[in-house]
């Protein structure tokens with residue numbers, strides 16, 4: 001095993017950072033839930049809230065599709081890294097891949113800390129808040145975009161056909177789940193959400 005083969009095992013450490021960023025931000029949100037503001041502390045800006053619960057159609061099937069993308073990604077990483085078969089694409093591909101994954105981690109953590117009504121399924125509980133600040137000022141689905149960056153960074157680091165297929169599946173799964181959420185948000189918030197969508201792209205500011 002040469003030093004580059006050994007170095008490729010560090011991709012698991014980078015992925016660990018990504019998932020711990022998500023876990024810690026969720027823990028911070030749960031710890032701060034229900035805390036009252038201290039005297040003199042500015043109140044959080046009010047956000048529109050839904051009156052009734054809503055659940056997107058096919059939400060479980062979309063989660064399964066996304067899960068298949070994750071499975072493909074991790075199987076592809078395991079096969080290439082364990083066998084020492086990470087292709088050479090360009091010098092510095094590991095550094096670039098790491099940077100893309102860490103940007104995704106930061107985006108996910110920022111979104112989770114800002115959006116306290118986040119749910120794993122495309123579902124809205126009664127009183128669900130419409131998030132339009134923080135990273136949601138830039139794009140509608142920062143958490144899904146963070147997952148896309150995780151897959152993209154992994155494919156840059158381990159540029160095999162399996163990883164690029166996983167990246168494509170992740171993008172499609174994120175897009176389908178994002179669209180499913182948008183339908184129920186439109187039903188729940190009406191003009192407020194439609195006005196937000198007119199000014200905010202789905203995944204890439206100014207493009208899409």
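Any read-out appearing in this document is the output of simple, stated calculations on the displayed coordinates, not a laboratory observation. Note that the coordinates shown come from a computational prediction; the quantities given were computed from them, not determined experimentally. Heads up, the Cβs are rebuilt from the backbone with ideal geometry, glycines too, and the neighbour counts pull from every protein chain shown.
Maximal additional length on extending the residue 95-residue 82 stretch stands at 2.7 nm, based on 0.36 nm per residue less the C-alpha distance. Counting every C-alpha pair in region 136-208, the share spaced more than 18 angstrom apart comes to 44%. Structural descriptor for region 129-208: relative contact order 44 percent, calculated from alpha carbon pairs under 8 angstrom and at least 6 residues apart. Per residue, the Cα convex hull of region 63-208 amounts to 106 Å³.
Grab the beta carbon distance between residue 187 and residue 67, set R0 = 35 Å, and tell me the FRET efficiency rounded to 0.05.
Working: r = 26 Å, r/R0 = 0.74.
After rounding to 0.05, the efficiency reads 0.85.
If the label point is 7 Å along Cα→Cβ of residue 208, which residues in region 128-172 have backbone nitrogen under 13 Å from it? The answer is 145, 148-149, 168-172.
Label-to-label distance for residue 129 and residue 75 is 4.0 nm, based on points extended 7 Å past Cα in the beta-carbon direction.
Under the simplified labelling scheme, the residue 172-residue 12 pair shows an inter-label distance of 3.0 nm, with each label point 7 Å from Cα along Cα→Cβ.
By how many nm would the segment from residue 197 to residue 32 lengthen if fully extended, with 0.36 nm per residue of separation less the alpha-carbon distance? The partial results should precede the final answer.
Values: separation 165, 0.36 × 165 = 59.40 nm, distance 2.91 nm.
Stretched fully, the residue 197-residue 32 segment lengthens by 56.5 nm.
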